[in-house]
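J.: Okay, here's the structure, questions in a sec.
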Amino acid sequence: MPTPPLAGGPTGPTALRPLLHTVLDALHTGATHRAGPLPAGGPEAVAAHVTQTLGNPLPDHGTGAEEALTTLTTLITAGAADPADPHCAAHLHCPPLALATAADLAASALNPSMDSWDQAPAASTLETLVTRALAAEIYPHATTATTHPDALVTTGGTEANQLALLLAREHHGPVRLLTGDNAHHSLHRAAWLLGLPTPVTLPAPGGTLDPAALDRALTDLPGPHLVAATAGTTDAGLIDPLPEIADICDHHHTRLHIDAAYGGPLLFSPTRRGRLTGLDRAHTVTLDLHKLGWQPVAAGLLAVRDPADTTPLGHHADYLNADDDTDAGLPDLLGRSLRTTRRPDILKTAVTLRALGRTGLGTLVDTVCHLADQLADAVQKHPALELYDRPAISTVLFRPTHTTDTQLADIRRQLLHQGRAVLGRAQLDGRLWLKATLLNPHTTAHDLTTLLDTITSTGNPPHPPVEPAEGTTTP
Ligand SMILES: *Cc1c(COP(=O)(O)O)cnc(C)c1O
């Protein structure tokens with residue numbers, strides 16, 4: 001076999017072009033073959049098909065680029081849970097924009113690595129400029145003549161939350177984390193990973209952190225503390241009362257982190273950004289553009305109001321940031337992440353921001369929020385469905401009436417098994433709910449109707465609302 005061509009350099013595109021045609025054809029074939037949001041048959045059938053098609057993952061002699069790309073791209077496409085299908089609406093799993101995906105191809109072809117300037121000369125400047133612009137969006141009033149807010153690129157909300165806890169610990173010592181019971185699990189994991197005191201979980205009645213409980217906890221428990229509020233909860237898409245929480249933190253001189261992994265992009269919408277009032281009072285803010293930002297994974301950020309807070313991440317490795325190189329003007333990038341080799345994930349985001357502008361992104365945000373309102377309306381009007389609450393962002397929770405939690409969980413799995421719909425689940429107010437996270441701006445009102453029809457026609461025949469008590473015999 002001749003030496004396979006490379007993706008970069010002046011001849012890279014020539015080598016890539018026919019391969020891309022192959023991949024695009026396979027994406028088309030696979031999606032047509034699936035004809036639904038996910039493959040039918042459930043885990044065993046899908047695993048058997050993948051195992052059989054793949055055969056030996058490392059054959060002695062390869063099949064060549066054309067065959068390998070066709071077979072495996074078709075396989076993974078036909079077997080995908082595709083968020084571009086309107087009935088795939090779980091986990092804040094977003095359909096990436098074509099333009100962002102195309103930009104990601106360029107990132108792969110060039111393969112800059114963001115750990116030293118000599119691996120990413122232009123990409124590192126691009127990252128600096130775009131992260132500063134996004135940080136300024138979150139902290140519009142924090143720029144002064146001598147300092148400007150900054151943002152660190154992460155693999156997602158999990159890594160951003162970890163960094164937030166790490167920076168708090170480096171600043172204040174072993175902080176005790178206080179969160180609502182609506183907070184993302186990654187915050188607790190980060191506290192565990194960093195060896196911090198056991199976090200305190202506060203009540204979140206109705207789905208948002210109770211400020212009075214927070215005030216009491218900060219009064220009663222010895223510090224140092226870190227409060228983490230949420231703007232866009234994973235379960236219900238609710239926003240904690242940020243101004244009140246920020247006031248309480250000010251009163252107790254406590255550091256505040258806001259996990260806006262989901263809700264952060266409301267900032268782009270002129271009519272919805274007001275819901276994030278108070279966001280800029282946090283010391284750090286998590287943002288995930290692979291949710292309400294339509295980026296391919298990964299596109300996380302941790303915005304930091306005072307860039308001096310990131311100093312503890314500074315690190316020295318002679319082969320990446322030798323002092324004399326830094327003195328001679330080569331930018332030192334190592335302190336911008338805990339990772340070393342790192343993809344230029346900022347490129348796709350930079351392309352998206354430039355192509356759509358704030359207005360274009362805001363319109364996308366408004367579109368999916370409006371779809372959530374429409375779905376909530378349809379649920380409320382439906383005689384066989386019950387709505388949890390009006391959506392705050394683009395998450396709608398609902399359930400068929402007269403259904404037990406066990407039956408509801410079974411309906412969700414049946415839909416997955418039949419390849420008909422991907423919905424999430426959430427336990428709230430002591431009951432289980434189906435969760436639709438609407439992130440597809442191409443979804444239509446008709447798609448929402450057919451989604452509800454699919455759900456109501458699935459599962460067990462309607463059961464009487466009252467189950468016979470234990471021990472009684474049914475005639
Ligand atoms: C999704 C989510 C996270 C985790 O983000 P990943 O990108 O999955 O690591 C953290 N916090 C909230 C509120 C989220 O919704």
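The values are calculated or read from the model by the stated rules, or taken from the named source; none is laboratory data. Small disclaimer: the values here were computed from a predicted structure and weren't measured. Using ideal geometry, Cβ is built from the backbone for each residue, glycine included, and neighbour counts are taken over all protein chains shown. Surface accessibility is based on the protein's heavy atoms, side chains included, excluding ligands, DNA and RNA. Shrake-Rupley method; radii C 1.70, N 1.55, O 1.52, S 1.80 Å.
J.: Between ARG216 and ALA48, with labels modelled 7 Å along Cα→Cβ, what's the label distance in nm to one decimal, could you check?
T.: Those two pseudo-labels are separated by 5.6 nm.
J.: Which lysines have a Cα less than 22 Å from the Cα of LYS381, not counting those fewer than 8 places away in the same chain?
T.: LYS435
J.: Hey, any idea what % of segment 110-356's accessible area is carbon plus sulfur with a 1.4 Å probe?
T.: Roughly 55 percent of what the probe reaches on segment 110-356 is carbon or sulfur.
J.: Still on this structure, please answer the following. In what sequence, highest mean first, do 314-320, 194-200 appear when ranked by Cβ atoms within 10 angstrom?
T.: 194-200, 314-320
J.: Taking only protein heavy atoms into account and a 1.4 Å probe, give the accessible area per residue of the chain in Å².
T.: On a per-residue basis, 48 Å².
J.: Which number do you get for Rg(Cα) / (2.2 N^0.38 Å) in segment 1-124?
T.: For segment 1-124, the normalised Cα radius of gyration is 1.26.
J.: Please list 253-259, 228-234, 306-312 highest first by mean number of surrounding beta-carbon atoms within 10 Å per residue.
T.: The packing order, highest mean first, is 228-234, 253-259, 306-312.
J.: What FRET efficiency, computed as 1/(1 + (r/R0)^6) with R0 = 41 Å and r the Cβ-Cβ distance, is obtained for THR143 and ASP373, rounded to the nearest 0.05?
T.: 0.70
J.: Picking from THR208, PRO331, ALA317, whose Cα lies most toward the positive end of the charge dipole for segment 110-356 (charges on Cβ: Lys, Arg +1; Asp, Glu -1)?
T.: With unit charges placed on the Cβ atoms, the residue in question is THR208.
J.: Using the Karplus curve 6.51 cos²θ - 1.76 cosθ + 1.60 with θ = phi - 60°, what ³J(HN,Hα) values do you get for each residue of segment 181-189, in whole Hz, with x for Gly and Pro?
T.: Here the 3J(HN,Hα) series is 6, 9, 6, 5, 4, 5, 5, 5, 4 Hz.
J.: Same structure, new question: What translational D, rounded to a whole number of µm²/s, comes out for segment 89-197 from Stokes-Einstein when the hydrodynamic radius is the Kirkwood one over Cα pairs, at 20 °C and 1.002 mPa s?
T.: 127
J.: OK, next. Relative contact order (percent) for segment 110-356, with alpha-carbon contacts under 8 angstrom and 6 or more residues of separation?
T.: That works out to 27 percent.
J.: Going by amide H atoms built from the backbone, whose H comes under 5 Å of the H on LEU439, apart from near neighbours?
T.: The answer is none.
J.: Roughly what % of Cα-Cα distances in segment 211-252 sit above 16 Å, to the whole percent?
T.: So the pairs more than 16 Å apart make up 38 percent of the total in segment 211-252.
J.: May I pose another question? If you count the DSSP beta bridges with both ends in the chain, what percent of them are antiparallel, to the nearest 5?
T.: 55
J.: Convert 10 °C to kelvin, take the viscosity as 1.306 mPa s, use the Kirkwood radius over C-alpha pairs of the chain as Rh, and evaluate the Stokes-Einstein diffusion coefficient in µm²/s, rounded to a whole number.
T.: 65
J.: Right, another one. How big is segment 250-365 along each principal axis, measuring the range of its Cα positions in Å and listing the largest first?
T.: Extents along the principal axes: 50, 42, 22 Å.
J.: Kirkwood hydrodynamic radius of segment 110-356 from all distinct Cα pairs, in Å?
T.: Computed over Cα pairs of segment 110-356, the Kirkwood hydrodynamic radius comes out at 18.4 Å.
J.: Filter the trypsin sites (Lys or Arg not before Pro) in segment 121-207 to those in DSSP coil with at most 13 other Cβ atoms within 10 Å of their Cβ, and list the result.
T.: none
J.: Further question on the same structure: What's the Kirkwood radius of segment 184-279 in Å, using all Cα pairs?
T.: With all distinct Cα pairs of segment 184-279 included, I get 14.0 Å.
J.: Next question, about the same structure. Within segment 248-283, name every residue whose backbone N is under 16 Å away from a label modeled 7 Å from Cα of HIS172 along the Cβ vector.
T.: Hits in segment 248-283 for HIS172 at 16 Å: 248-259, 281-283.
J.: Hey, if you put +1 on the Cβ of every Lys and Arg and -1 on every Asp and Glu Cβ in segment 1-152, which of PRO86, THR53, HIS21 ends up farthest toward the positive end of that dipole?
T.: It is PRO86.
J.: If you don't mind, there's one more thing I want to ask. So what is the calculated 222 nm ellipticity per residue for the chain, using -39500 (n - 2.57) for each DSSP H run with n of 4 or more, over all residues, to the nearest 500 deg cm²/dmol?
T.: Using -39500 (n - 2.57) per qualifying helix, the result is -13500 deg cm²/dmol.
J.: Ok, one more. Would you pull out the residues with amide H under 5 Å of LEU432's amide H, same chain only if 5 or more places away, H placed 1.01 Å from N?
T.: The answer is none.
J.: Each residue of segment 291-299 in turn: what ³J(HN,Hα) in whole Hz from Karplus with 6.51, -1.76, 1.60 and θ = phi - 60°, glycine and Pro shown as x?
T.: Each residue of segment 291-299 in turn: 10, 8, x, 6, 9, x, 4, 10, 8 Hz.
J.: Heavy atoms only, probe 1.4 angstrom, no DNA, RNA or ligands counted: give me PHE268, PHE398 ranked by accessible area, highest first.
T.: Putting PHE268, PHE398 in descending order of accessible area: PHE268, PHE398.
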